[in-house]
Amino acid sequence: MRPFFPYYGSKWNIARHYPAPVGSVAEPFAGGAGYACFYDCRNVSLYDADPIIAGVWDFLIRSSSREILALPEMPEVGDHVDNYDLPQEAKWLIGFWLNRGSAQPKKSRTAYSARTDRAQLNWGARAKERIATQLPALAGWSINNGSYETAAPSDTTFVDPPYGNKGRYYRIGFNDFEALGRWSLARGGQVIVCEGPGALWLPFRPLGNFKSSLGKAQEVVWVSGEAAPADLFGEAA
């Protein structure tokens, strides 16, 4: 599946470089759920501390294709989501499309979000068609507005927290990486943890350098089953 909405830090474009999922999938920092979308996962549990993210996914999971196709396309620059009688969650969904690559939705159409000079999908008929045609695949998905600790057991857990040097871009801050590292080490099944260069809270290894909005960005990863040094947290892992 393609992304249901654009989101800052989405892993959809580089998901192929991570191990493929096995069985049920949990994403405890859901965001746009790029990993689960890329691998077309059908049994997915999403968790996010941000009520806006949880609200958007709840709206998508509960909506019909007809409801999505009926959403306004807002073609005019300056048009505003509050000009329409819509559920708040629908306004947030549209807002993420109006503010591509951001961690929070926008309310109005700008010239930037209306441009057609690049091969980039913006909010409109094609975006609605993509979402509507993919909705049946969400039949086995769930969303919980909660922190990573609330995640139920799963066969695969894809952990993509706000990176230590980029967390300021998210609405809900996060900085307890040591606790997250312990939780990741203790979690059963296949666990995949994402981070940026310089992170030391797990024994990360390089994943690669990938295209980003600022040019190139280095990614590192930890996968369960790979060696964890005994003194990572000052004691045996």
Estimated dipole of the chain in Debye, rounded to 20 [Cβ of Lys and Arg +1, of Asp and Glu -1, Cα centre]: 800 debye
Total lysine pairs under 17 Å (Cα atoms) in the chain, excluding pairs fewer than 8 apart on one chain: 8
Accessible area, probe 1.4 Å, largest first, for residues D48, D155: D155, D48
Theoretical ellipticity at 222 nm over the chain - DSSP helices of four or more residues, -39500 (n - 2.57) apiece, nearest 500: -6500 deg cm²/dmol
Sites L69 and D155, calculated FRET efficiency, Cβ-Cβ separation with R0 30 Å, nearest 0.05: 0.30
Projected-area mean, region 75-206, by convex hull of Cα positions, square nanometres: 10.7 nm²
Degrees, to the nearest 10: 51-62 long Cα axis against longest axis of the chain: 70 degrees
Part-to-part distance (alpha-carbon centres) for region 62-85 and region 126-184, which is given in Å: 25 Å
Extension reserve of the D82-K107 stretch, reckoned as 0.36 nm per residue once the Cα distance is removed: 8.3 nm
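How many percent of the accessible area of the chain is carbon or sulfur, using a 1.4 Å probe?
It is 50 percent, rounded to a whole number.
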All-pairs Cα distance distribution in region 13-135, expressed in whole percent, bin size 5 Å: 2, 10, 19, 23, 21, 15, 7, 3, 1
Rg [Å, one decimal], Dmax [Å, integer] - the chain, C-alpha atoms: 18.2, 59
Rough spin-label spacing in nm, given labels placed 7 Å along Cα→Cβ, for I61 and A186: 2.5 nm
Å² per residue, accessible surface of the chain at 1.4 Å: 48 Å²
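The values are calculated or read from the model by the stated rules, or taken from the named source; none is laboratory data. Values in this document were obtained by computation on a predicted structure and should not be read as measured data. In this analysis, Cβ positions are derived from the backbone assuming ideal geometry, glycine residues included, and neighbour counts consider all displayed protein chains. In case anyone asks, the SASA skips ligands and DNA or RNA and just uses the protein heavy atoms, side chains included. Shrake-Rupley method; radii C 1.70, N 1.55, O 1.52, S 1.80 Å.
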